[in-house]
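Everything on this sheet refers to the single structure shown next.
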Amino acid sequence: MAKQLQTLFLILSISYLFSSDLTAATAASPAGVSKKAVNFIQSSCKATTYPAVCLNSLSAYANAIQTSPKRLAETALAVTLSKAQSTKLFVSRLTRFKGLKKREVEAIHDCAEEMNDTIDRLNKSIQEMKLCGSAKNQDEFSFHMSNAQTWTSAALTDENTCSDGFSGRFMDGRIKNSVRARIVNVGQETSNALSLINAFAKKY
């Protein structure tokens, strides 16, 4: 059920981001996946820190992205936001486990707060990216782009802080492994999103 809700949220997030642009792009695309779009995504992902993760996350949205650097960056943010949401929910539920150490409980609460900050900052980055699209001049574009880059970078810092909270041998065990695996994935997605935002900024 949780996986279905996550998928639904992702679809709604991306639909919200693209609005009429998404509808137009999809309608203009063939029934199958656009090879040109996939090649564009693959080429763009090569410049990210985690190209395999990038391609795996974004290729499913090739027909909506087409060859637009802006849509690519927005989709990467939407995917990252969805994973941050599900990770925050996962971390919050860990307090239900019995026999947790005091340090583990503290780390879980701290991580949940960091993930809340991540979600907030990713949302702000998404809004700034939308404003980039309606910028009237270079100065206005640069202002909103700088904000988007700052918010996304801050989100990455939050994720690293969460992961650091589970470092040390005294935290070894299923809690540490479960949390860090998810945080690492969200961090990779965020890093890739930031790379794609930076790439879009250079093309304006």
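Among the numbered conditions (1) buried (at least 21 other Cβ atoms within 10 Å of the Cβ); (2) within 25 Å of Leu89 (Cβ to Cβ), the only one that Lys124 does not meet is (1). Going through segment 30-65 one residue at a time, which ones are of a type in the set (Phe, Trp, Tyr) and touching a helix residue (DSSP H, G or I) at 6+ places or on another chain (Cβ under 6 Å)? Result: Tyr50, Tyr61. Among all residues of segment 102-111, there is at least one that is surrounded by fewer than 16 Cβ atoms within 10 Å (Cβ to Cβ) and touching a Ser or Thr at 6+ places or on another chain (Cβ under 8 Å).
Restricting segment 45-59 to residues that are loosely packed, with under 15 Cβ neighbours inside 10 Å and of a type in the set (A, V, I, L, M, F, W, C) leaves a set whose member that is farthest from Lys83 (Cα to Cα) is Ala47.
Before we move on, is Leu156 under 17 Å from the mean Cα position of the chain (by Cα), in a helix (DSSP H, G or I) and farther than 20 Å from Lys70 by Cβ? For Leu156, the condition - under 17 Å from the mean Cα position of the chain (by Cα), in a helix (DSSP H, G or I) and farther than 20 Å from Lys70 by Cβ - is met. For beta carbons closer than 9 Å, sequence separation of 6+ or different chains, a first residue in segment 84-95 that is in a helix (DSSP H, G or I) and a second that is of a type in the set (Lys, Arg) and surrounded by 19 or more Cβ atoms within 10 Å (Cβ to Cβ), the qualifying pairs are Ser86/Arg182; Thr87/Arg182; Phe90/Arg182; Val91/Arg182. Considering only segment 131-149, I want to know if a residue exists there that is of a type in the set (D, E, K, R) and either touching a Cys at 6+ places or on another chain (Cβ under 6 Å) or closer than 30 Å to Lys101 by Cβ (or both). No, segment 131-149 contains no residue that is of a type in the set (D, E, K, R) and either touching a Cys at 6+ places or on another chain (Cβ under 6 Å) or closer than 30 Å to Lys101 by Cβ (or both). Residues that are farther than 26 Å from Ser34 by Cβ and buried (at least 23 other Cβ atoms within 10 Å of the Cβ) are absent from segment 65-80 altogether. For Lys203, are the conditions met, namely being of a type in the set (Lys, Arg), loosely packed, with under 15 Cβ neighbours inside 10 Å and more than 18 Å from Leu72 (Cβ to Cβ)? For Lys203, the condition - of a type in the set (Lys, Arg), loosely packed, with under 15 Cβ neighbours inside 10 Å and more than 18 Å from Leu72 (Cβ to Cβ) - is not met.
Only the coordinates and a few stated rules stand behind these numbers; no lab work does. Only a predicted model underlies this, so the values are computations on that prediction, with no experimental measurement involved. In this analysis, Cβ positions are derived from the backbone assuming ideal geometry, glycine residues included, and neighbour counts consider all displayed protein chains.
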